[in-house]
Amino acid sequence: MIRTYPSAARPSTQPGAPRRRAGMTIIEVLVTLLLISVALMALGRTSGAVAALQRGGSYQMRAAMIVQSRLDSLASIACRQLVANGGSVGPITVTSADGAIVERWRLADLDNVILITDSVTVRGRANVLVYNSMVPCRN
């Protein structure tokens, strides 16, 4: 049996002609390494941003718990004890042990209602978080 090849698929029989080899060229390997290194650098930058967002979320969660605790403790005290003689109290500043959260709160007497304003500054956040709550006075 004789094999016949179409002219385009026939292997080169001329001496010194380059042979086709299976595999990749050095240029293809270098381009692949470049793409992998760019992808790994992008992944590294993304993981740094995610870590910063997690840290900021942790600070904000702590700040919300501090404010909730403050509002609950003040709401449990009788109005007469909170604000004497119809005046106001504050601002009172409290800083967390690590300095990441600064809380400022004040009380104002508004005819049978105590207005509690709690402002929280969180490290890494530009805006101050302000929480207001009204506690009805039951005499």
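Which whole-Hz couplings ³J(HN,Hα) result when phi for each residue of segment 24-38 is put into the Karplus expression 6.51 cos²θ - 1.76 cosθ + 1.60, θ = phi - 60°, listed in order with x for Gly and Pro?
Values, residue by residue: 10, 7, 5, 5, 4, 5, 5, 5, 5, 4, 4, 5, 5, 5, 5 Hz.
Through the Karplus equation 6.51 cos²θ - 1.76 cosθ + 1.60, θ set to phi - 60°, convert the phi angles of segment 66-72 into ³J(HN,Hα) values in whole Hz; use x for Gly and Pro.
With the stated coefficients, segment 66-72 comes to 5, 5, 4, 5, 4, 5, 5 Hz.
Quick query: amide H of Cys137 versus all other amide H atoms, modeled in the peptide plane; which residues come in under 5 Å with a sequence gap of 5 or more or a different chain?
Val113, Ile114
Would you kindly derive the ³J(HN,Hα) couplings of segment 103-119 from the backbone phi angles with the Karplus curve 6.51 cos²θ - 1.76 cosθ + 1.60 (θ = phi - 60°), listing them in order in whole Hz, with x for Gly and Pro?
Each residue of segment 103-119 in turn: 10, 10, 10, 8, 10, 9, 8, 10, 6, 6, 9, 9, 8, 10, 10, 10, 10 Hz.
For the peptides 114-126, 60-72, 31-43, what is the packing order when you average, over each peptide's residues, the other Cβ atoms within 10 Å and list the highest mean first?
Final packing ranking: 114-126, 60-72, 31-43.
What FRET efficiency, computed as 1/(1 + (r/R0)^6) with R0 = 25 Å and r the Cβ-Cβ distance, is obtained for Leu82 and Ser58, rounded to the nearest 0.05?
E between Leu82 and Ser58, to the nearest 0.05, is 0.20.
Mind pulling the per residue volume of the convex hull built on the Cα atoms of segment 56-139? Å³ is fine.
Spelled out: Cα convex hull of segment 56-139, divided by residues, is 85 Å³.
Read-outs throughout are calculated quantities, based only on the coordinates presented, and are distinct from any laboratory measurement. All figures in this text were calculated on a predicted structure; none of them were measured in a lab. Every residue, glycine among them, receives a Cβ derived from its backbone with ideal geometry; neighbour counts consider all protein chains shown.
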